[in-house]
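Everything on this sheet refers to the single structure shown next.
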Amino acid sequence: MSLRPAESPATEANARTRRAKLHPDVLKLGLVSFLTDLSSEMIFSVFAVFFTTVAGASTALLGLIEGLADFSASSLNYLAGWLSDRSGRRKWFATAGYAFSTLAKLILLVSSSIVGLSIFRVVERLGKGFRGPPRDAWLSSIAAKESRGYAFGVHKALDKSGAVLGPLVAYALLKSLGESASTYSLLFLVAFVPAVVAVVVLTRIPDQRGQPHARESVRQNWQQLSRPFKRFLLPAGVFALAYFSLGFVLLKAQDVGFGMTDIVLLYALFNVVCVVAAPLVGRLGDRVGRSRIVVLGYALYAALNLWLVLAGSRWEMVGIFCLYGVFYAIEESQSKAFIADLEPERRATAVGVYNFVTGSLYLPASLMAGALWAVAPGLAFGLGAALSVVAMVVFMAVKPAAVLPR
């Protein structure tokens, strides 16, 4: 029987201080994400319905475009992560990605056709794909290990605070001016402003450079990634096949009787729950271990999809959007904190590989959802539930956190 050495009160106090204190740049990066999401979610809260009703696209095409959007984001992830780790630079690559997404929103100011909307959706995600890995590596480098889950949770909460305000601004515009083409044009113009401000704010934050690996090729870079991280890619890939676009959940809300304006409020509710839940699940992950939190996310998503199969009332959809907010807080913040634990040195590459693998699988996931939706919406949600359960089984089988790198 072994005993842990007793810790002094001063040591315990210092540990609590490290857990409680956030680096100020965590909040600054959160502000950038807040402004960006304020802009993006003003658009995305109406995009699925606008694309299918105003522009006249089919749900199958929506699934294709959503999948291509995710694939376009993932296509640059590995490259952006490798370049960031190779040079050690975080800020330059993140700024370039945010700026590219901002420029893509100009398309909405000149075109509302199916082609124009499709190009915008794909190109805007390219910017997201380029900024994500260096920004998340930047964030993990300034977050103490004892509070890393909390730091990612706070960042996600700030990020999603913009996603709360964005749909509310969209709602106010639609409610006061009516659902007309001119209102949508004004909405897209207003959304462009905070995106520009976000890029300006980011340029004012000092860079947090990582250890450069100047002569490391892509192949060598992959070989140097830790074995636990590579194990994690297996269940993450399986789960990605279940993780279709939120646009299908919004369409389900429309099917049970919610109008366009009410759907915007549902979207805002989902984001409010995510804002509240993100720091809490981050704290929980710091205490009980992020492996348990990741599996909890898979379980919640399985439950969500089963509920969507059975849901037939407006109040059930309200509950579903609340639960979806909790799931999203786990999936979008704690998986990145988990990756930072598994791969301590080449974090931008690890995030890039993870996003590339999962993003590549989001395309067939959304295509399958779109095809099954055309037959019966319950089939799409049933497949999502089944694959989520499979992902849980695979995660527990490969045990990615069983042997962490020292």
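Taken together, the values in this text are just the output of simple stated rules run on the coordinates, not laboratory data. No experiment lies behind these values; they were computed from the predicted model shown. Heads up, the Cβs are rebuilt from the backbone with ideal geometry, glycines too, and the neighbour counts pull from every protein chain shown.
For the reader, a short list of remarks on this structure follows.
- The alpha carbons of segment 162-255 give a radius of gyration and a Dmax of 21.6, 58 Å, in that order.
- Between Leu323 and Gln220, the FRET efficiency estimated from the beta carbon spacing at R0 = 35 angstrom works out to 0.25.
- Overall form of segment 122-210: prolate. Here a/c, set by the Cα gyration tensor axes a ≥ b ≥ c, is 1.5 or more, and a/b is the larger of a/b and b/c.
- Distance between segment 73-110 and segment 212-265 - C-alpha centres, whole angstrom: 17 Å
- In the chain the Cα-Cα distances spread across 20 Å bins starting at 0 as 27, 60, 12, 1 percent of all pairs.
- Considering helices alone, the calculated mean residue ellipticity of the chain at 222 nm is -27000 deg cm²/dmol, with DSSP H runs of length four and up weighted by -39500 (n - 2.57) and normalised per residue.
- For segment 201-307, the equivalent ellipsoid derived from the alpha-carbon gyration tensor has semi-axes of 35, 21, 17 Å in decreasing order.
- The alpha-carbon of Lys105 sits under 19 angstrom from the alpha-carbons of these lysines, leaving out residues fewer than 8 places away in its chain: Lys128.
- Within straight-line reach of Lys399, meaning a Cα separation under 28 Å, sit the following lysines at least 8 residues removed in sequence or on another chain: Lys145, Lys156, Lys230, Lys336.
- From least to most packed, judged by other beta carbons within 10 angstrom and beginning with the fewest, Thr59, Thr349, Thr358 follow the order Thr59, Thr358, Thr349.
- Cα point-scatterer Debye curve for segment 35-148, base-10 log of I(q)/I(0) at q = 0.09, 0.13, 0.14, 0.16 Å⁻¹: -0.28, -0.55, -0.62, -0.76
- Note on segment 247-332: Cα Rg divided by 2.2 N^0.38 Å, N the number of residues, gives 1.14.
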